[in-house]
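Here it is, the structure in full.
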Amino acid sequence: MKPLALVLTLLCSAPSVVGAQPSGDSAARSSILALEHAWDQALERQDIKGLADIFDNGLMYVDYDGKLLTKTDYLARVKLNKDNFQQVVSGDLIVQIFGSTAIAVGSYRAAGTEGGKPFVRRGRFVDTWILEGKNWICIAASTTSIQH
Amino acid sequence: MWRSRTAFLILLVLTVPAFAQSGARAESEQVKILALENAWNQAIQGKDRAALDMLMGADLVYVDYDGTLMSKADYLASVKSSPQHPARVVSEFMNVNLYEGVAVVNGIYRESGEKNGKPYMLRERFTDTWLRREDKWICVASQSTLISH
């Protein structure tokens, strides 16, 4: 198991594994924030196993250009490394908890190269997470380019 | 008396009893959610704030196609004050993924009309997250992305 995949496994089941944790929504919020951060790291490292652990098999992912990807599509795209991400940073992250469902909204800045040319993309994302057993998994993710 | 036809239709959809069998129930829930999505389109077309209000949770997060983040209040105000006058709002395609008490709808939304005296057309991919609260579905997150590929 790659180190990041191990970290993700711990994060997904954080409240029961890491001992004393804040309870209720606060614990859930911390878990989601950590998973979002781990997602960025997994993208930078092209950690397919780590990413696969985060997503539900029915994941629907909408890319910044409006393309709809399944979990398999998304992982294949990361593996192909067409964007050659060198840095992915998320900011302004807000997490709302509705029982066993969580909505994470934030902005991101991704830098990489495509076809040998550098690019920087700024976008807004909304991720939907559900609690499955003791693990939070992402069932939907959507990104939109920030144009203003 | 209901203030609009759309609001009345939404109330009907929200109060239709669910079937007892789980398979039939899931199908029934999907149909219900698709009806709510269509009601949303109608409400946008008619700039029907009361109908939109019924569809959304108080804590809605909405990301518009240009990346603007809005609360429910922001969104309702933007629909009312928008210089866009939609004449036709349709969903070309919709898919519902149903989980326990949660549904994610993904689809393609097309809106055409007039803006500042000129015709406009938007084609977007949307993702809406609905939660079931006491047998009613409400939208808690919605995001649109312009289709440019």
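Taking amide hydrogens as modeled 1.01 Å from N in the peptide plane, which residues meet the under 5 Å criterion relative to B:M56, leaving out close sequence neighbours?
Correct list: B:C139.
What's the average, rounded to a whole number, of partner chain beta-carbon atoms within 10 Å of each residue's beta-carbon in A:85-96?
Mean shielding by partner chains, rounded to a whole number: 1.
With θ set to phi - 60° and the Karplus curve 6.51 cos²θ - 1.76 cosθ + 1.60, what are the ³J(HN,Hα) couplings of the range B:125-141 in order, to the nearest whole Hz, using x for Gly and Pro?
Once rounded to whole Hz, the list reads 9, 10, 10, 10, 10, 10, 10, 8, 10, 6, 6, 10, 9, 10, 8, 10, 8.
Which value results when the Cα radius of gyration for the range B:5-146 is divided by 2.2 N^0.38 Å?
The range B:5-146 yields a ratio of 1.03.
To the nearest 10 degrees, how steeply does helix B:5-15 sit against the main Cα axis of chain B, on a 0 to 90 scale?
Roughly 30 degrees, rounded to the nearest 10.
In straight Cα distance, which lysines are under 24 Å from B:K72, not counting same-chain residues fewer than 8 positions off?
Those lysines meeting the cut-off are B:K32, B:K47, B:K80, B:K115, B:K136.
Rule-based calculations on the coordinates, nothing more; no lab input. None of these values were measured; they are calculated from a predicted model. When we count neighbours, we look across all protein chains shown, and the Cβ atoms used for this are built from the backbone with ideal geometry, even at glycine.
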